[in-house]
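One structure is given here, and the rest of the page talks about it.
The values are calculated or read from the model by the stated rules, or taken from the named source; none is laboratory data. Computed from a prediction, not measured in an experiment: that's the story for all the values here. Here Cβ is always computed from backbone atoms with ideal geometry, including for glycine, and neighbour counts include all displayed protein chains. Keep in mind that these areas ignore ligands, DNA and RNA; they rest on the heavy atoms of the full protein, side chains included. Shrake-Rupley method; radii C 1.70, N 1.55, O 1.52, S 1.80 Å.
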Amino acid sequence: MRNAFIQSLLKIASQDGRVMLITGDLGYLVVEEFMEKFPDRFLNAGVAEQNLLGLATGLAEAGFIPFVYSITPFITLRPFEFIRNGPVYHNLPVRIVGIGQGVEYGMNGLSHYALEDIGVLRTQPGLTIIAPADDAQAKNAIEQTYHHPGPIYFRLSKEKTTIPELLGNFTLGEAQQIGNGRDFVIVSTGAITTEAVKAAQTLSDWGINGTILVVASLAPAPEKNIVNVLAGVNHVFTLEAHYITGGVGSLVAEIIAENGLPVRLTRFGFTHLLNKTVGSAASICAENGLSGDKLAARIQKVLQNA
Amino acid sequence: MEINIIQNFSYNIRRIILERSYQAHVGHIGSALSVADIIASLYADVLNIDSPDDPSRDRFVLSKGHAALALYAALCLKGWISREILETYGQDNTLLGVHPERDLPGVDFGTGSLGMGMSYATGAALAAQLQKSERRVFVLVSDAECNEGIVWEAAMFASHHKLSNMYMIIDLNSQQALGYTKDVLDLTPLDQKWQAFGWDVHKIDGHNCGEIISVIKDCRNNKKQPHAIIANTKFGKGVSYMENQIKWHYWPMSAVEFHQAMQEIEQ
């Protein structure tokens, strides 16, 4: 998704002189082409993420559209108060680009994992939050929203991801649907949707047919789409590369409660502190029951006991 | 501009600070009085601002947001906010809180969380350079604000990028909320710290409007460095019982204290 991001950014920067890229000293083999093509609009501001957000606020006030880039926790959690008092409070078009969804920086450990960024940032009124599920959707989302007047947080996957069924579709405030089975619904966000697709395929092989609702636009939330997809469904599952608190699982819980929907909810995501061992993202996901096969088994078990 | 006009502007800022904080029964009086002469010099003379929404205006960031009342006074004296609006200070549904809100005409950046204004100012100065604009960016920080790490992140950035259109004025009143800076977190040698960070450092009397204005003029000749103007000030300046007293960081005035303060600033 990093490549999709930079290709989109090159495209919009060539059309609009307000677009800038500011990195916190990250993006090796990602940012170079931008740096060469737009040297005046590229900046490595050093390893100083709080200042990145403050700078971007000052630049945006003067009419620029700065994209600030780093690894997700560094660009969301470290400067959280700057996001709040800067682009959010002033309603300025700063683009916060976090690389890494969940445990994608596997071997690097908890410091590099993105596990609570959605939860933290979803509290901020007026902050658009977009977590694309694959490269094509990321490209579409970035290009469609770049001139949005307020701030946007893009939660991007570190990996190249393709979900052909999505067709790269993205609309702000709406979700995208894959399949239309009614035995279960998975509401999923981000690249971990690939595991939801695998799980749905496995379940389909077992004669259990469901629907995946892909929520890339976490804020504004696709409330109508979620309410509609849950009509007549007994059980909904949420899937996210995030702690189960604050992210898409919480979002769906809020929508169920506020709309009084008669549906049970099971949230799949990280449920405990990941401070014991490290490993590849795939191994950590499998260990936490978030791989396609494990998800299929967990969903089948829940449906059997219903 | 003639110095007595600027001094009169200062006097009026002090008068408004006392009147409004007394009416609203709000503190932060000492911090506002400390910067009254700096704000007066900026608004009566230094800043090029035809109107608060002119994109080519100089920017001013009150990074020490708790001195907002001094800024409101200046905005009112400039005619950008009315007397009626000024009188809503500290009331319900006002735009004039203890810290500046961005929706108030003349406020470029809302502040209140110390250090952030420095970072906004750095971005604003970079923007002016990228846009090849002559506009300048002034940021007023408190000495204790230099406790914040962000101040030094921004300091490194501004000097690395030679943001010579950036003017930081430090209100060196040597005290902070709970004590004197030398006892809380010693800043000395502050001038050497800023020099080491690559800034063009000047030490001045922060209550001498003529000196404030002339040092800013002199800074124009240095096109290679951002400017740090370390302004020696007296906390609570102009009101004898407030000067250098920790209590007046938060304390509001009684009627007796208010009348005494008004008499003292007349002199």
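Among the residues making up the stretch A:177-211, those that are over 21 Å from the mean Cα position of the chain (by Cα) and assigned to a helix (DSSP H, G or I) are A:201, A:202, A:203, A:204, A:205.
Taken across the stretch A:13-31, residues that are touching a helix residue (DSSP H, G or I) at 6+ places or on another chain (Cβ under 9 Å), open to solvent by 10 Å² or more (accessible area, probe 1.4 Å), within 9 Å of chain B (Cβ to nearest Cβ) and part of a helix (DSSP H, G or I) do not occur at all. Taken together, the residues in the stretch B:211-267 that are open to solvent by 50 Å² or more (accessible area, probe 1.4 Å) and among the aliphatic types (A, V, I, L, M) amount to 1. Only one of the numbered conditions (1) open to solvent by less than 50 Å² (accessible area, probe 1.4 Å); (2) part of a helix (DSSP H, G or I); (3) within 14 Å of chain A (Cβ to nearest Cβ) is not met by residue B:156, and that is (1). Of all residues in the stretch A:110-127, those satisfying the criterion of being more than 15 Å from residue A:153 (Cβ to Cβ) and open to solvent by 30 Å² or more (accessible area, probe 1.4 Å) are A:110, A:111, A:112. Quick check on the stretch A:267-299: of everything there that is of a type outside the set (A, V, I, L, M, F, W, C) and buried (at least 17 other Cβ atoms within 10 Å of the Cβ), which residue is farthest from the chain's Cα centre (by Cα)? Restricting to residues being of a type outside the set (A, V, I, L, M, F, W, C) and buried (at least 17 other Cβ atoms within 10 Å of the Cβ), the top hit is A:294.
Looking at the stretch B:114-122, can you tell me whether even one residue there is surrounded by fewer than 22 Cβ atoms within 10 Å (Cβ to Cβ) and facing another protein chain (nearest Cβ under 7 Å)? Checked the stretch B:114-122: no residue is surrounded by fewer than 22 Cβ atoms within 10 Å (Cβ to Cβ) and facing another protein chain (nearest Cβ under 7 Å). When the test is whether a residue is more than 14 Å from chain A (Cβ to nearest Cβ), touching a Gly at 6+ places or on another chain (Cβ under 6 Å) and at pLDDT 95 or above, residue B:233 passes it.
Against the definition (open to solvent by 10 Å² or more (accessible area, probe 1.4 Å), in a loop (DSSP other than H, G, I, E, B), of a type outside the set (Lys, Arg) and within 17 Å of residue B:115 (Cβ to Cβ)), how does residue A:46 come out, yes or no? The answer is yes for residue A:46. Scanning the stretch B:159-196 for residues that are open to solvent by 10 Å² or more (accessible area, probe 1.4 Å) and within 13 Å of chain A (Cβ to nearest Cβ) yields B:159, B:160, B:161, B:165.
When residue B:98 is tested against (1) among the hydrophobic types (A, V, I, L, M, F, W, C); (2) within 14 Å of chain A (Cβ to nearest Cβ); (3) out of contact with any Phe, Trp or Tyr (no Cβ under 6 Å at 6 or more places or on another chain), just one condition goes unmet, and that condition is (2).
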